[in-house]
Amino acid sequence: MAGQRFGDLEAAIMDRMWSYARPANVREVLEDLQKERTIAYTTVMTVMDNLRKKGWLRRKRAGRAYVYEAVASREGYTAKLMREALATSNNQAAALVHFLSDLSPEESEALRAALKVVRPQDDE
């Protein structure tokens, strides 16, 4: 999967795909997007195909059209962005300290809960 943030339209399309939690065709996504903006079918089709080429969507033929579905979850995408951001630091420990010091109480609690589910691996 491509290692960069989505563009605005890519993000809008992926938001829809994640919210559907099922395969959808270009027309469905187009009609949903048209509630908020003027956009052409071909534009949505091109962006969805680009997201497929980048590895974020997969497609299969359904009659004369394709249906697309998300390959990874929204949470998986967020985690990938977080890992990539951390990798840009020359001092990952310091970056983590800054990150942790900025957490809200709710985020701190979510982190504690997550650490109970996934324990960091010890170096052996």
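The values are calculated or read from the model by the stated rules, or taken from the named source; none is laboratory data. Given the structure is predicted, the values throughout are model-derived calculations rather than measurements. As a convention, Cβ positions derive from the backbone with ideal geometry for all residues, glycine included, and neighbour counts pool all protein chains shown. Heads up: the accessible areas ignore ligands, DNA and RNA and are worked out on the full protein's heavy atoms, side chains in. Shrake-Rupley method; radii C 1.70, N 1.55, O 1.52, S 1.80 Å.
State whether one or more residues within segment 58-81 are of a type in the set (Val, Ile, Thr), closer than 24 Å to Val118 by Cβ and open to solvent by less than 70 Å² (accessible area, probe 1.4 Å). Talk me through it step by step, then tell me what you get.
Let us first name the residues in segment 58-81 that are of a type in the set (Val, Ile, Thr), namely 67, 71, 78.
From what's left, closer than 24 Å to Val118 by Cβ: 71, 78.
Cutting the leftovers down to open to solvent by less than 70 Å² (accessible area, probe 1.4 Å) gives us 71, 78.
Yes, the conditions are met somewhere in segment 58-81.
Residue under question is Leu51, and the condition is that it be within 13 Å of the chain's Cα centre (by Cα), of a type in the set (A, V, I, L, M, F, W, C), modelled with pLDDT of 90 or more and in a helix (DSSP H, G or I); does it hold?
So Leu51 fits the description; yes.
Would you pick out the residues in segment 36-48 that are loosely packed, with under 15 Cβ neighbours inside 10 Å and either over 21 Å from the mean Cα position of the chain (by Cα) or among the small types (Gly, Ala, Ser) (or both)?
Those that are loosely packed, with under 15 Cβ neighbours inside 10 Å and either over 21 Å from the mean Cα position of the chain (by Cα) or among the small types (Gly, Ala, Ser) (or both): Arg37, Thr38, Ala40, Tyr41, Thr42.
Being in a helix (DSSP H, G or I) and either of a type in the set (S, T, N, Q) or under 16 Å from Ala70 (Cβ atoms) (or both) is the filter here, so list the residues in segment 34-47 that pass it. Please lay out each step first, then the result.
Of the residues in segment 34-47, the ones in a helix (DSSP H, G or I) are 41-47.
Matches in segment 34-47: Thr42, Thr43, Val44, Thr46, Val47.
Find the residue count for segment 16-28, including only residues that are touching a residue at least 24 places away in the same chain (Cβ under 8 Å), open to solvent by less than 80 Å² (accessible area, probe 1.4 Å) and outside any loop (DSSP other than H, G, I, E, B).
Residues flagged as touching a residue at least 24 places away in the same chain (Cβ under 8 Å), open to solvent by less than 80 Å² (accessible area, probe 1.4 Å) and outside any loop (DSSP other than H, G, I, E, B) within segment 16-28 amount to 5.
Report yes if some residue within segment 85-94 is more than 24 Å from Gly7 (Cα to Cα), open to solvent by less than 100 Å² (accessible area, probe 1.4 Å), among the hydrophobic types (A, V, I, L, M, F, W, C) and not in a loop (DSSP other than H, G, I, E, B); otherwise report no.
Going through segment 85-94, the residues more than 24 Å from Gly7 (Cα to Cα) turn out to be 90-94.
Pick out the ones that are also open to solvent by less than 100 Å² (accessible area, probe 1.4 Å) and you get 91-94.
Checking which are among the hydrophobic types (A, V, I, L, M, F, W, C) leaves us with 93-94.
This time we only want the ones that are not in a loop (DSSP other than H, G, I, E, B), so: 93-94.
Checking segment 85-94: at least one residue is more than 24 Å from Gly7 (Cα to Cα), open to solvent by less than 100 Å² (accessible area, probe 1.4 Å), among the hydrophobic types (A, V, I, L, M, F, W, C) and not in a loop (DSSP other than H, G, I, E, B).
How many residues does segment 40-60 contain that are farther than 11 Å from Glu10 by Cα and without any contact (Cβ under 8 Å) to a residue 12 or more places away in the chain?
4
Could we say that Arg5 is touching a residue at least 24 places away in the same chain (Cβ under 8 Å), touching a strand residue (DSSP E or B) at 6+ places or on another chain (Cβ under 9 Å) and part of a loop (DSSP other than H, G, I, E, B) here?
On the way: touching a residue at least 24 places away in the same chain (Cβ under 8 Å): yes; touching a strand residue (DSSP E or B) at 6+ places or on another chain (Cβ under 9 Å): no; part of a loop (DSSP other than H, G, I, E, B): yes.
Taking the combined requirement at face value, the residue does not satisfy it.
Each row is one residue, and each column tells you yes or no for (1) assigned to a helix (DSSP H, G or I); (2) under 27 Å from Arg16 (Cβ atoms); (3) modelled with pLDDT of 90 or more; (4) open to solvent by 80 Å² or more (accessible area, probe 1.4 Å).
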position	(1), (2), (3), (4)
Gly55	no, yes, yes, no
Arg83	yes, yes, no, yes
Lys116	yes, no, no, yes
Gln121	no, no, no, yes
